[in-house]
Amino acid sequence: MTDDVRNKIGLRPVINVSGTLTALGASIVVPQAIEAMKDILPHFVEITDLQRKASTVIARLTGAEAGFVTASCSSGISLAVAGTITGPNLLAIEKLPDVTSEKNEVLLQMGHCVSYGAPVDQAIRLGGGKVTLIGQATSTHRFHLENAITERTAAAVYVVSHHVVDYGLLSLPDFVEIAHAKGVPVIVDAASEYDLRLFIAQGADIAIYSGHKFLGGPTTGLVAGRKDFVRNAFLQNMGIGRGMKVGKESIYGVMAALEAWEHRDHEAIRKRETDYLHYWKATLDGRPGIQAHIEPDPTNNPLDRLRLCVSPEQAHITAWDLAGALSRGNPPVIVRDHEIEHHHFYLDPCNLHPGQEKIVAARLVEELEKARASNEIIATPLRNRALHRFDALLKWPD
Ligand SMILES: *Cc1c(COP(=O)(O)O)cnc(C)c1O
């Protein structure tokens, strides 16, 4: 790609097989959203009216009563929490992050207290919430939630993610049943989920999605839910929401992405992605020290990934050194490495341009053959990764 803007400004032309990652620019924005942003940028609009139009589209796709667009799912969490604390009280909205109400506790299962690049509990605290963790890391029982609810409880937050503990915790229907029995609204972080209707259908008062993940929209968050809760969250734009604002292009762009999502040929996309996985698996099968398995998405999104398990003794390289070599290569290939200490990483097919699957396969083969030809096993101590994890970041912008 000679007209690749990345060459022009001196950025590495990374190939993303890690999934939808903010640090890599989220996802490939669909052409309909790009067009929409171009169309609206030269014009003035009344933003509140544009958000009304967005509400209609969000409501249609999610089955919720209303919705609006904000900067990110993370900001959606802060605004939704803030709305449950302030209600429509404009003075309370201006006072945040100082909280005037005693009723600001937000319940969160300990196994849901994760980081998606920033801590979810911080997003709650930004909205004025006082996080009350319930249960333990790998267990929440009904009695934990039932007994945690008091007259000071403003909301309960439920996180759907591959990051959360995936056993021993309360299901969303149980969580909703208990919370609603005591009049507590439930806010669902569904940032990375394909199913735009499920969580509202399961009783969530607010469900929040990222516009820039599977939807392929511009960087945005979609807040959908019961009209009064959505309105109270929207009103935060007069307060803490100001620093999370989105422009006309983002609102209109994500509306277009939502409409494109409605008409997308999901089966054809899934087939293309599955074909990549089989192609990579066929390329890797039989190579010494490499096991490749196709695995379903942990939160049931209609997406599989290839898990690549590396035995250093036979492959002559560790999983993390292999991932590192791929990311330093030309072109850089960034794999999904959040479980790398288990000696495996994943290849995620959902953000590839056609043809890139071949480059990924070729780079894997190249690095694996190089390692096999080396007399010693390439094995950087895992501890070094942790020690130096933030070195480069802490030197930014140098
Ligand atoms: C990505 C993600 C977020 C953050 O979403 P942004 O829109 O990037 O703020 C929050 N929660 C979960 C579960 C995520 O996967």
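The values are calculated or read from the model by the stated rules, or taken from the named source; none is laboratory data. As the structure is a computational prediction, the values presented were derived from the model and not from experiment. Virtual Cβ from ideal backbone geometry, glycine too; neighbours counted across all protein chains shown. Side chains included, ligands, DNA and RNA excluded: accessible areas come from the protein's heavy atoms. Shrake-Rupley method; radii C 1.70, N 1.55, O 1.52, S 1.80 Å.
Quick look at the values:
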{"read-out": "Where GLY83 falls short, out of the listed (1) crowded, with 18+ Cβ neighbours inside 10 Å; (2) more than 25 Å from HIS180 (Cβ to Cβ); (3) more than 16 Å from the ligand (Cβ to nearest atom)", "value": "(2)"}
{"read-out": "Flag if ARG12 is in a helix (DSSP H, G or I) and among the basic types (Lys, Arg)", "value": "no"}
{"read-out": "Where SER327 falls short, out of the listed (1) buried (at least 18 other Cβ atoms within 10 Å of the Cβ); (2) more than 28 Å from LYS271 (Cβ to Cβ); (3) small (Gly, Ala, Ser)", "value": "(1)"}
{"read-out": "Subset of the range 343-367 (residues that are in a helix (DSSP H, G or I), open to solvent by 10 Å² or more (accessible area, probe 1.4 Å) and touching a helix residue (DSSP H, G or I) at 6+ places or on another chain (Cβ under 7 Å))", "value": "GLU357, ARG363, VAL365, GLU367"}
{"read-out": "Every residue from the range 179-198 that is near the ligand (Cβ under 10 Å from one of its atoms), assigned to a loop (DSSP other than H, G, I, E, B) and of a type outside the set (Gly, Ala, Ser)", "value": "GLU193"}
{"read-out": "Top-ranked residue of the range 301-337 - restricted to ones that are touching a residue at least 60 places away in the same chain (Cβ under 8 Å) and assigned to a loop (DSSP other than H, G, I, E, B), ranked as nearest to ARG287 (Cα to Cα)", "value": "HIS316"}
{"read-out": "Enumeration of residues in the range 1-27 that are open to solvent by less than 80 Å² (accessible area, probe 1.4 Å), hydrophobic (A, V, I, L, M, F, W, C) and away from the ligand (no atom under 16 Å from the Cβ)", "value": "VAL14, ILE15, VAL17"}
{"read-out": "The one condition in (1) over 27 Å from the mean Cα position of the chain (by Cα); (2) open to solvent by 20 Å² or more (accessible area, probe 1.4 Å) that TRP320 fails to fulfil", "value": "(1)"}
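Here's the yes/no breakdown for (1) among the aliphatic types (A, V, I, L, M); (2) buried (at least 24 other Cβ atoms within 10 Å of the Cβ); (3) closer than 30 Å to ASN351 by Cα:
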| site | (1), (2), (3) |
| --- | --- |
| THR138 | no, no, no |
| ASN147 | no, no, no |
| VAL159 | yes, no, yes |
| VAL164 | yes, no, yes |
| VAL176 | yes, no, no |
| ILE208 | yes, yes, yes |
